[in-house]
1. Within the group Leu99, Leu63, which residue is assigned to a helix (DSSP H, G or I), within 20 Å of Met236 (Cβ to Cβ) and in the same structural domain as Tyr164 (by TED's automatic domain parsing)?
2. List pairs: first residue in segment 119-145 and without any contact (Cβ under 8 Å) to a residue 40 or more places away in the chain, second residue within 12 Å of the ligand (Cβ to nearest atom) and in a helix (DSSP H, G or I) anywhere in the structure, Cβ distance under 7 angstrom, at least six positions apart or on different chains.
3. With respect to Cys149, determine if the residue is over 29 Å from Met202 (Cβ atoms), part of a helix (DSSP H, G or I) and under 18 Å from the mean Cα position of the chain (by Cα).
4. When you check Val105 against the structure, is it touching a residue at least 24 places away in the same chain (Cβ under 8 Å) and touching a strand residue (DSSP E or B) at 6+ places or on another chain (Cβ under 9 Å), yes or no?
5. Go through segment 98-131 and report how many residues are of a type in the set (S, T, N, Q), buried (at least 19 other Cβ atoms within 10 Å of the Cβ) and modelled with pLDDT of 90 or more.
6. Within the group Leu211, Leu172, Leu177, Leu190, which residue is in the same structural domain as Ala225 (by TED's automatic domain parsing) and away from the ligand (no atom under 14 Å from the Cβ)?
7. Residues Pro189, Pro205: which one is under 23 Å from Phe120 (Cα atoms) and not in a helix (DSSP H, G or I)?
8. Take Ala141 and decide whether it is in contact with a Gly (Cβ under 8 Å, 6 or more places away or on another chain) and not assigned by TED's automatic domain parsing to the domain that holds Glu206.
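The values are calculated or read from the model by the stated rules, or taken from the named source; none is laboratory data. In this text the structure is predicted, and so the values were computed from the model without any measurement. FYI the Cβ positions are ideal-geometry reconstructions off the backbone, even for glycines, and counts take in every protein chain you see.
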Amino acid sequence: MPAPANLHTTAPSNAPYDHHARAHPLHFACHAQALRVICHLMKSVPLFSLLQIRVRADAGAALLIVLLAVSFSRTGATGAALGAALGVGILICLLVHELGHAIAVRSLGFGGSTITLSMFGGVCSWHANPTPAQRIVVAVAGPAATALCAGACFVLARAVMPSYAGAILTQLTQLNLLWLAFNLLPVLPLDGGTIVHSLLLMRLPEPRASLVGHGISFLFATGAAVAAWYYKASSMAVVMLALLAWRSIQYFQHARRSSSPPEELPP
Ligand SMILES: [Zn+2]
């Protein structure tokens, strides 16, 4: 799959800056013709709006709840209800993470933003042309919100244990900690990768900052994918990390082409 032609290392002022858009595996997959139909089916619908933050969800979010309900239903109706509750809990935790980004965006004076929830994560997009320092503030806010969410789930789980709610909250605590570690990997476009790239932008001109950033991203994504496979982590984690490694090398090659001097014309 070729690298997108409209690659922006910093957001153009007239286009939305999708903080997590490029983190979403389906986002870059959408550039492939074969997956356009799937992406169309995943069109999001508005849920609610609060303090200029619009929250939407696509079909993947509903599918997540259904899939968890079905996979838990082997133990009966109670299991199905618990699976559905876990799915809703996961979406709420994803929303908390994206709200962290959205609140940081608002605090920086960029105004409103749109959060879209999906099966594999969330997207927070807004119209702005942030400086590297501002990008770092927004990137840090998401994991900070997830850390708070993990803490809240842990405290609530201990308060209501032993119960079904306690079991779900314990699962959510573990998932939040996993997402926190995953998001902080220095892999673009995850939050950790965005922080590293923004730090590079403070020191290096473009496209060199992107070249180094995507190089680091490729090395870490490949290493993490190999480690996940070796330690028999979930196959979904291996696939996601492999996709991120593949994406990083595509963007690395794009940045390298942009940084190479133009060929001299023959005399
Ligand atoms: Zn994030």
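1. Numbers: Leu99 fails: within 20 Å of Met236 (Cβ to Cβ).
The unique qualifying residue is Leu63.
2. Hits for this filter: Val137/Ala104.
3. On the way: over 29 Å from Met202 (Cβ atoms): yes; part of a helix (DSSP H, G or I): yes; under 18 Å from the mean Cα position of the chain (by Cα): yes.
In short, yes.
4. So Val105 passes the test.
5. So the count comes out to 4.
6. Numbers: Leu172 fails: in the same structural domain as Ala225 (by TED's automatic domain parsing); Leu177 fails: in the same structural domain as Ala225 (by TED's automatic domain parsing); Leu190 fails: away from the ligand (no atom under 14 Å from the Cβ).
After applying the criteria, what remains is Leu211.
7. Pro189
8. It is true that Ala141 is in contact with a Gly (Cβ under 8 Å, 6 or more places away or on another chain) and not assigned by TED's automatic domain parsing to the domain that holds Glu206.
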